[in-house]
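K.L.:
Would you mind keeping the following structure in view while I ask a few things?
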Amino acid sequence: LAKLQSKLYAIERLTWKCSLTKFEQLKNLDSSTYLFVNSIANQKLSKKDSRQIQKQFSHLLSRVIIEITEEERTTEAETRSKLEWAANWGCQVALDDFGTGYNSDAALLAINPDFVKLDISIVRDIDTDIKRRKILQNLLSYANTWGIRVIAEGVETSDELHTLIKLGVDYVQGYYIAKPQAQPMPLSPQLVKEIQETYAATI
């Protein structure tokens, strides 16, 4: 609907302003806490809006990771422009929803991200599906070579978590880890223990 009404830019601008405002308001967050912002692939803030964001939130931008998706087909020039913008802000970049786009490998090469977020469609049942595990193993092999960190989205079971850790993903997210909440809370001691014990078994 937003696309049909030419409102994508308005959404992009509101996303940046609102997410950074909320991030700034969060309490008891240390400097290792980062904000992932979903950016519409073919939308880039105007120079005026960009300057305003920089002026208001310059102290936070180094802790921002811009998520770029494959859903919106975008030209190489647009992608390069957005990456330059991210670099000027001191942000890192994540390729979101990896595995769902029309050409995930091409996007991986074009964007050269700091993070790759593995889509839930590949994470689901990865503990029992050898094809899904093979896709992840190929991604991890490439990512490890080039220093890219891999985040598995949509982890909903203990078996999925254990499999992902054993295969070597860097980070996990999903309802099994924590559900979305306005004020992020520490992970439960039981979950922390489960993660540590599973990781220790891989060393």
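The values are calculated or read from the model by the stated rules, or taken from the named source; none is laboratory data. Fair warning: this is a prediction, and the values are worked out from it, not measured in the lab. So basically every Cβ, Gly included, is an ideal-geometry build from the backbone, and we count neighbours across all protein chains shown. Accessible surface is based on the protein model in full, side chains and every heavy atom, while ligands, DNA and RNA are left aside. Shrake-Rupley method; radii C 1.70, N 1.55, O 1.52, S 1.80 Å.
K.L.:
Counting alpha carbon pairs within less than 8 Å and at least 6 residues apart, what relative contact order, in whole percent, applies to the chain?
P.N.:
13
K.L.:
If segment 101-203 were replaced by its equivalent ellipsoid, with semi-axes equal to the square roots of 5 times the Cα gyration tensor eigenvalues, what would those be, largest first, whole Å?
P.N.:
Output for segment 101-203: semi-axes of 23, 16, 14 Å.
K.L.:
For a quick size check, give me the Cα extents of segment 32-156 along its three principal axes, largest first, whole Å.
P.N.:
Extents along the principal axes: 50, 33, 26 Å.
K.L.:
When you take every Cα atom in segment 18-62, what is the radius of gyration, and what is Dmax, the widest Cα pair distance, in Å?
P.N.:
Over segment 18-62's Cα set, Rg and Dmax evaluate to 11.7, 35 Å.
K.L.:
Let me ask another. Relative to the longest principal axis of the C-alpha atoms of the chain, give the angle of the C-alpha long axis of helix 158-167, reported between 0 and 90° and rounded to the nearest 10°.
P.N.:
80
K.L.:
Mind checking the angle between helix 47-57 and the chain's longest principal axis? C-alpha axes, 0 to 90 degrees, to the nearest 10.
P.N.:
That helix lies at roughly 60 degrees to the long axis.
K.L.:
Now, a different point. Could you put 24, 197 in order of accessible surface area, largest first, with the 1.4 Å probe and the full protein assembly present? Display every interim value, and only then the final one.
P.N.:
On the way: 24 85, 197 110 Å².
So, going from the largest accessible area down, we get 197, 24.
K.L.:
Here is a follow-up. Determine the calculated [θ] at 222 nm for the chain from helices alone, applying -39500 (n - 2.57) to every DSSP H run no shorter than 4 residues and normalising by the residue count; nearest 500 deg cm²/dmol.
P.N.:
Result for the chain, helices only: -14500 deg cm²/dmol.
K.L.:
Accessible area per residue of segment 110-193 at 1.4 Å probe, in Å²?
P.N.:
57
K.L.:
Right, here's the next one. Show the residues, 5+ positions off or on another chain, whose built amide H is closer than 5 Å to the amide H of residue 67.
P.N.:
For residue 67, whose amide H was placed from the backbone, the distant partners under 5 Å are 37, 38, 39, 94.
K.L.:
If you don't mind, there's one more thing I want to ask. Taking the Cα centre of the chain as origin, sum charge times position over the Cβ atoms of Lys and Arg (+1) and Asp and Glu (-1), and report the length of that vector in debye to the nearest 20.
P.N.:
840
K.L.:
Could you go through segment 84-97 in sequence order and give the Karplus-derived ³J(HN,Hα) for each residue, using 6.51 cos²θ - 1.76 cosθ + 1.60 with θ = phi - 60°, rounded to whole Hz, and x for Gly and Pro?
P.N.:
Here the 3J(HN,Hα) series is 5, 4, 4, 5, 5, 7, x, 8, 9, 10, 10, 8, 8, 6 Hz.
K.L.:
How much accessible surface area, in Å² rounded to 10, belongs to the heavy atoms of residue 176 with a 1.4 Å probe?
P.N.:
Counting only protein heavy atoms, the figure is 70 Å².
K.L.:
Between the helical axis of 130-146 and the dominant principal axis of the chain, each derived from Cα atoms, what acute angle in degrees is found, rounded to the nearest 10?
P.N.:
Long axis of 130-146 versus the principal axis of the chain: about 60 degrees.
K.L.:
In angstroms, what radius of gyration and Dmax does segment 1-85 have, counting Cα atoms only?
P.N.:
Radius of gyration, then largest Cα-Cα span, for segment 1-85: 13.6, 41 Å.
K.L.:
On to the next question. Give the lysines reachable from residue 179 as a straight Cα distance under 24 Å; neighbours fewer than 8 places away on the same chain don't count.
P.N.:
Straight-distance partners of residue 179: 17, 22, 27, 117, 166, 193.
K.L.:
Also, quick follow-up: So what J values fall out for segment 187-197 if you push phi through Karplus, 6.51 cos²θ - 1.76 cosθ + 1.60 with θ = phi - 60°, rounded to Hz, Gly and Pro as x?
P.N.:
Each residue of segment 187-197 in turn: 5, 5, x, 5, 5, 4, 4, 4, 5, 5, 5 Hz.
K.L.:
Quick check: at a probe of 1.4 Å, how many percent of the accessible area of the chain sits on carbon and sulfur atoms? Provide the component values of the computation, followed by the final result.
P.N.:
Working: 6240 of 12070 Å².
Summing carbon and sulfur atoms, their accessible area is 52 percent of the total for the chain.
K.L.:
What list of ³J(HN,Hα) values in whole Hz, one per residue of segment 17-27 in order, does the Karplus curve 6.51 cos²θ - 1.76 cosθ + 1.60 (θ = phi - 60°) give from phi, with Gly and Pro shown as x?
P.N.:
Once θ is set to phi - 60°, the couplings for segment 17-27 become 5, 6, 5, 5, 4, 5, 4, 5, 7, 5, 9 Hz.
K.L.:
Enter the accessible area per residue of segment 1-69 (Å², integer; probe 1.4 Å; all protein chains in place). Mind dumping the intermediate values first?
P.N.:
Working: 4340 Å² over 69 residues.
Value for segment 1-69: 63 Å² per residue.
K.L.:
Once amide H atoms are built 1.01 Å from N in the peptide plane, which residues 5 or more positions from residue 150, or in another chain, come under 5 Å H to H?
P.N.:
116, 170, 171
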